[in-house]
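Only one structure is covered here, and it is reproduced in the block below.
Every number here is computed from the coordinates shown, using simple stated rules; none is lab data. Please read all numbers here as calculations on a predicted model, not as lab measurements. Cβ sites come from the backbone with ideal geometry, for glycine too, and all protein chains shown count toward neighbours.
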């Protein structure tokens, strides 16, 4: 299927494409490995979390991976952390929600597609009412991909945290709707929170440089395998659990 132009007016064709799009797994592994060497993140785990991750992956259990968002460098450092962590085995089977502007430039889009990106039309960019139908379709295809065995990675804060990088900001209900819709398709997703810290910063509003992104601290929390059905309840759990993971990443930096 030919790649459609990623525009809000073209959202139906966009999500029809990303419903079935498959990245080249060998190329993805190579790219993640390169990023792992370049950024060399440090990985920590809650007690027993690494073993539980291995069990979930061995079972083929779809995971909903939640990550706090600090910088434009996050997609690269998170990919590096996936390579250097217990998540390596699911590389090539993870769909990563990414803002639609990352899909505009053809060269960049090929890279984002290869890394498993799925475009998101954000209300803050286009207006809440304008993106409603596209958002509904995006959540549907995420649930369907999970039903096919894929994992979904989300920055649930929706934008970079320039307020206080030690505190998780407001989490929208979108991640809860994805999990809830997956459950309706017979999937039992496991929530995996991934805390990220670039170390103490005098001002969270100052962008993280590429040099500062090297050696980031990541902390994977204990997977939550029993989620409620209501999207709002799931979103509350996500924020609480992600804060625990962020606390772990900050403490370990």
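Within the range 80-171, the proportion of C-alpha pairs whose separation exceeds 19 Å stands at 51%.
Neighbouring Cβ atoms within 10 Å as the yardstick, rank 224, 178, 214 fewest first. Before the final figure, lay out the partial values.
Values: 224 18, 178 26, 214 15.
Sorted ascending by nearby Cβ count, the order is 214, 224, 178.
Packing around the peptides 117-123, 195-201, 52-58, 151-157, taken as the average count of other Cβ atoms within 10 Å per residue, puts them in this order, highest first: 151-157, 117-123, 195-201, 52-58.
Most tightly packed first, judged by the mean number of other beta-carbon atoms within 10 Å of their residues, the peptides 85-94, 105-114, 158-167 read 85-94, 158-167, 105-114.
In square nanometres and to one decimal, what's the mean projected area of the convex hull around the Cα atoms of the range 70-116? Numbers along the way, then the final one.
Numbers: hull surface 13.8 nm².
For the range 70-116, averaging the hull's shadow over all directions gives 3.5 nm².
Quick one: work out the % antiparallel among DSSP beta bridges in the chain, nearest 5. Antiparallel bridges: around 20 percent, rounded to the nearest 5.
Under conditions of 37 °C and 0.692 mPa s, the range 1-107 yields 209 µm² s⁻¹ as its translational diffusion coefficient, taking Rh as the Kirkwood radius over Cα pairs in the Stokes-Einstein equation.
Put the Cα centre of the range 194-229 next to the Cα centre of the range 58-109 and the gap is 13 Å. Along each principal axis, taking the top coordinate minus the bottom one, the Cα set of the range 104-253 gives 44, 39, 29 Å in descending order.
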